[in-house]
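Working notes, beginning with the structure itself.
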Protein chains: 2
Amino acid sequence: MSTAQDAEGTAEGGTNEASAWGEVAPEAARRLLVAAVGAFAERGYHATTTRDIAGRAGMSPAALYIHYKTKEELLHRISRIGHDKALRILETAADGDGTAAERLADAVVTFVRWHAAHHTTARVVQYELDALGEEHRAEIVELRRRSDAAVRRIINDGVRSGEFDVPDVPGTTLAVLSLCIDVARWFNVEGRRTPDEVGALYADLVLRMVTAAP
Amino acid sequence: MSTAQDAEGTAEGGTNEASAWGEVAPEAARRLLVAAVGAFAERGYHATTTRDIAGRAGMSPAALYIHYKTKEELLHRISRIGHDKALRILETAADGDGTAAERLADAVVTFVRWHAAHHTTARVVQYELDALGEEHRAEIVELRRRSDAAVRRIINDGVRSGEFDVPDVPGTTLAVLSLCIDVARWFNVEGRRTPDEVGALYADLVLRMVTAAP
């Protein structure tokens, strides 16, 4: 599963954040995306200029414009790649073999691991949605709707099979995704937990959420 | 309980966000804080100038400097008030009567309600921590440590009394707070759930998290 592999490895900021962009070519376009993530995360989208981003990538503003016409285009590209990965992770888990509990645990472990390992990228993706242009925003909202649907599908399967007891499926789906996404806010590479450890803890907590109290 | 009352009322953005600052006097200082929250939320801390904030409050930059010497002082004041309220909510719940389950549910309901009703303020408080000066940051980190301790105390009480089954108390405490805090990111006043409804859903999910699966 390529999405799981993308999220593997150490939690070392720079290297790992950059590894999220392997699919972006040519190399200059990729370098600019990595620079944009760093700048947006540090100062926010609105306080960052395309000149800042070009400088961070060791390029001229003119060289930047060959690859991206506007700052918003950079944000959209970052957001699109991040949301595509999230959707792939969740749909792969939903389509997997195994019981609903196994698939839900797989979704949580992989989704958490991505948010922990790529926390800088994930913060930009999550907190700068309002800065996207109208059309780009609609496209991203649709990807989020489909991510939500993948998790909801697993929970519904578990309810139908009798594995889960969930009075409010949409609300529980929202809470599961929210819990995983917020890992990007608090995760600290110098903290006491690795991405895998957070994933295992959260899979256990989420399985408790969907199971009736004794 | 004054903290619970502060968080009551409709989820209407402006009015409710402003109601968080009732304790700030004189009125001009309060108006500037409300303007700063709006500006930071819209454009980010680094893209906002004190001139922007003064303009938003219908005041001159000179009038702003009477109350706040720097933009960082405004952010610190907002962060301090937000964190003081969070700590009061959680310590009030931890010190309350009732079983551990009742106190944990109370903590979640009140904390969620505050993050939903004051979501704009809460986002600024949560996402702009890095912009605080070193000394202010240390002060806020200490308030967060005490908030965490209040929730951990309730969970430990429940484990001791046999109400809860929690293999990883620090990790579960972190997850409970994270789940509630992230309400500020996704809560939408035009959405289908009121702050009270989210609070009730989340209290149920958190009680499931601390209870062993059957």
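The set of residues from the range A:74-96 being under 11 Å from A:Trp114 (Cβ atoms) and surrounded by fewer than 21 Cβ atoms within 10 Å (Cβ to Cβ) comprises just one member, A:Arg88. For the range B:100-110, the count of residues that are over 25 Å from B:Thr194 (Cβ atoms) and buried (at least 18 other Cβ atoms within 10 Å of the Cβ) is nonzero.
Look at (1) at pLDDT 95 or above; (2) in a helix (DSSP H, G or I); (3) more than 11 Å from chain A (Cβ to nearest Cβ) and you find that B:Leu205 fails only one, number (3). One residue stands out among those in the range A:144-178 that are more than 18 Å from A:Gly98 (Cβ to Cβ), touching a residue at least 40 places away in the same chain (Cβ under 8 Å) and in contact with a Leu (Cβ under 6 Å, 6 or more places away or on another chain): the one that is surrounded by the most Cβ atoms within 10 Å (Cβ to Cβ), which is A:Ser147.
Among the residues of the range A:27-49, those identified as without any contact (Cβ under 8 Å) to a residue 24 or more places away in the chain and not acidic (Asp, Glu) are A:Arg30, A:Val34, A:Ala35, A:Ala39, A:Arg43, A:Ala47, A:Thr48, A:Thr49.
If you go through the range B:124-143 and keep only what is part of a loop (DSSP other than H, G, I, E, B) and surrounded by 17 or more Cβ atoms within 10 Å (Cβ to Cβ), you end up with B:Glu128, B:Leu132. Does A:Ile181 qualify as being within 14 Å of chain B (Cβ to nearest Cβ), closer than 27 Å to B:Val112 by Cβ and in contact with an Asp or Glu (Cβ under 9 Å, 6 or more places away or on another chain)? Spelling it out, A:Ile181 is indeed within 14 Å of chain B (Cβ to nearest Cβ), closer than 27 Å to B:Val112 by Cβ and in contact with an Asp or Glu (Cβ under 9 Å, 6 or more places away or on another chain). The condition of being part of a helix (DSSP H, G or I) and within 13 Å of chain B (Cβ to nearest Cβ) holds for only one of A:Val176, A:Val166, that being A:Val176. Residues in the range A:47-66 that are within 12 Å of A:Ala28 (Cβ to Cβ) and either of a type in the set (S, T, N, Q) or touching an Asp or Glu at 6+ places or on another chain (Cβ under 9 Å) (or both): 1 in all.
Within the range B:39-73, if we keep just the residues that are within 16 Å of B:Thr120 (Cβ to Cβ) and away from chain A (no Cβ under 13 Å), the residue that is surrounded by the fewest Cβ atoms within 10 Å (Cβ to Cβ) turns out to be B:Arg56. Please enumerate the residues belonging to the range B:117-163 that are more than 12 Å from chain A (Cβ to nearest Cβ) and touching a Phe, Trp or Tyr at 6+ places or on another chain (Cβ under 7 Å). Scanning the range B:117-163 gives B:His119, B:Ile155, B:Gly158. The single condition among (1) more than 8 Å from every other protein chain (Cβ to nearest Cβ); (2) in a helix (DSSP H, G or I); (3) over 22 Å from A:Asp148 (Cβ atoms); (4) not polar (S, T, N, Q) that A:Arg192 does not meet is (2). Within the range B:182-199, the only residue that satisfies the criterion of being aliphatic (A, V, I, L, M) and surrounded by fewer than 19 Cβ atoms within 10 Å (Cβ to Cβ) is B:Val189.
The values are calculated or read from the model by the stated rules, or taken from the named source; none is laboratory data. Nothing here was measured: the structure is a model prediction, and the numbers come from that model. Heads up, the Cβs are rebuilt from the backbone with ideal geometry, glycines too, and the neighbour counts pull from every protein chain shown.
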